[in-house]
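Engineer: Here it is, the structure in full.
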Amino acid sequence: MSKLFSPIELGPLALANRIAIAPMCQYSAEQGLATDWHMIHLGHLALSGAGLLIIEATAVTEEGRITYADLGLWSDEHAAALEPVVNAMRKHSPIKIAIQLAHAGRKASSEVPWLGGASIPPDHVHGWQTVAPSALPHADGDAVPQALDAAGLARVKDGFVAAARRADALGLDAIELHGAHGYLLHQFLSPLSNRRDDAYGGSLENRMRFPLEVFAAVRAAVSPEMVVGMRISASDWVDGGWDLAQSIVLARELGKLGCQFIHVSSGGVSPLQKIPVGPGYQIEFAARIKAETAMPTIGVGLITEAKQAETIVQTGQADMVALARAMLYDPRWPWHAAVELGASVSAPPQYWRSQPHEFKHLFGDTRLGQR
């Protein structure tokens, strides 16, 4: 029996299989509002047969967007724009739906990737003043961010809490806090970006303080049925930066606060990073965190083949796998993986007739009803 297609529970959330669709920014929102693109894109992925879909990085404050075209959830208007998208997925798919809540920190105010992705100065069109733990730009030539003071920290934390409550009211199943890829929470964790000399900088305990405060506030603000986890970068891939040993300490502290999963990625905080990219290059991080904590783990990073994904969960390197680009390239990846692994997968009845004759149990015990 395929372990990849076996059920799993993240806290109270029961998933049909161990395949997650990783959050992927679409840079297609208007003033942070979901558009027709989100209806098409997310609706398409909701029919994939994966167990969990994580909506893209969604800004909790306006200045927390990566680009001017990022999705947001910083007002009730933003929740209202996202609601029909969520309702459509709910109506036509059993997939569970999470959302990644994020603040880009010093990596905000950027151009969309297909126009170069460069930092946009605050006095230019589509630009704004960025904030960060310390007044250190991400890269040479970028605008210098403002270091967050006590009022700024409170405002950002309140933004996470308000967005989490809106996600809860939308009936989403899970929230993933974005603590990876060089964005604000990761910036607090890494000594490369956090040079503060107050209670939020210096020691590991201090650098973890703000991300842990945000997590605790979000956990307290939503219903017990809402699953809350975090995505982290387990390594900066830079000497003297954030690393796996610190990630394990963070995971243990998150566990004490009720964290129900950890999604393990890496990199993003420094242009000096040297990442040995290859198939499953981040899985060892997930395996170590899983082995040394009680935290359910999601592994991610160039997972493209069904047998590769099966091996990861079968050997206990991670509890789940997440796919991003591979899912965009093949939105029916779970169907094809189920065929290869001799498993079954959920599909909408409108598509039952597509089941190949030689794979009669791909969609489970269906009656095709063909005429």
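Engineer: All but one of (1) outside any loop (DSSP other than H, G, I, E, B); (2) in contact with a Pro (Cβ under 8 Å, 6 or more places away or on another chain) hold for Pro224; state the number of the condition that does not hold.
Structural biologist: (1)
Engineer: Being part of a loop (DSSP other than H, G, I, E, B), at negative phi and either buried (at least 23 other Cβ atoms within 10 Å of the Cβ) or touching a residue at least 60 places away in the same chain (Cβ under 8 Å) (or both) is the filter here; which residues of segment 173-221 pass it?
Structural biologist: At the first step, the residues of segment 173-221 found to be part of a loop (DSSP other than H, G, I, E, B) are 173, 180-183, 190-203.
Retained after the next criterion (residues that are at negative phi): 173, 180, 183, 190-201, 203.
Of everything in segment 173-221, those that are part of a loop (DSSP other than H, G, I, E, B), at negative phi and either buried (at least 23 other Cβ atoms within 10 Å of the Cβ) or touching a residue at least 60 places away in the same chain (Cβ under 8 Å) (or both) turn out to be Asp173, Ala180, Tyr183, Ser190, Leu192, Ser193, Asn194, Arg195, Arg196, Tyr200, Gly201.
Engineer: A further question on this structure: Name the single residue that is farthest from Ala169 (Cα to Cα) among those in segment 96-115 being touching a strand residue (DSSP E or B) at 6+ places or on another chain (Cβ under 7 Å) and surrounded by fewer than 23 Cβ atoms within 10 Å (Cβ to Cβ).
Structural biologist: Glu111
Engineer: Looking only at residues in segment 226-270 that are out of contact with any strand residue (DSSP E or B) (no Cβ under 8 Å at 6 or more places or on another chain) and farther than 15 Å from Pro191 by Cβ, which one is most open to solvent (accessible area, probe 1.4 Å)? If you could, list the steps in order and put the result at the bottom.
Structural biologist: Step one: list which residues in segment 226-270 are out of contact with any strand residue (DSSP E or B) (no Cβ under 8 Å at 6 or more places or on another chain), which gives 235-241, 243-246, 248-249, 252-253, 255-257, 270.
From what's left, farther than 15 Å from Pro191 by Cβ: 248, 252-253, 255-257.
On the way: Ile248: 8, Arg252: 111, Glu253: 55, Gly255: 39, Lys256: 151, Leu257: 64 Å².
Restricting to residues being out of contact with any strand residue (DSSP E or B) (no Cβ under 8 Å at 6 or more places or on another chain) and farther than 15 Å from Pro191 by Cβ, the top hit is Lys256.
Engineer: Sticking with this structure for a sec: So Thr297 passes all but one of these: (1) surrounded by fewer than 21 Cβ atoms within 10 Å (Cβ to Cβ); (2) under 18 Å from Ile8 (Cα atoms); (3) in contact with an Asp or Glu (Cβ under 8 Å, 6 or more places away or on another chain). Which condition number does it fail?
Structural biologist: Every listed condition holds for Thr297 apart from (1).
Engineer: So Gly229 fits all but one of (1) more than 17 Å from the chain's Cα centre (by Cα); (2) farther than 21 Å from His138 by Cβ; (3) among the small types (Gly, Ala, Ser); what number is the exception?
Structural biologist: Every listed condition holds for Gly229 apart from (1).
Engineer: Something else: What tally of residues in segment 70-94 results from selecting those that are open to solvent by less than 10 Å² (accessible area, probe 1.4 Å) and aliphatic (A, V, I, L, M)?
Structural biologist: 6
The values are calculated or read from the model by the stated rules, or taken from the named source; none is laboratory data. Worth saying up front: this structure is predicted, and the values here are computed from it rather than measured. Positions of Cβ are generated from backbone atoms using ideal geometry, with glycine treated the same way; all protein chains shown enter the neighbour counts. The protein model used for the area step is the full one, side chains on, heavy atoms only, and it has no ligands, DNA or RNA in it. Shrake-Rupley method; radii C 1.70, N 1.55, O 1.52, S 1.80 Å.
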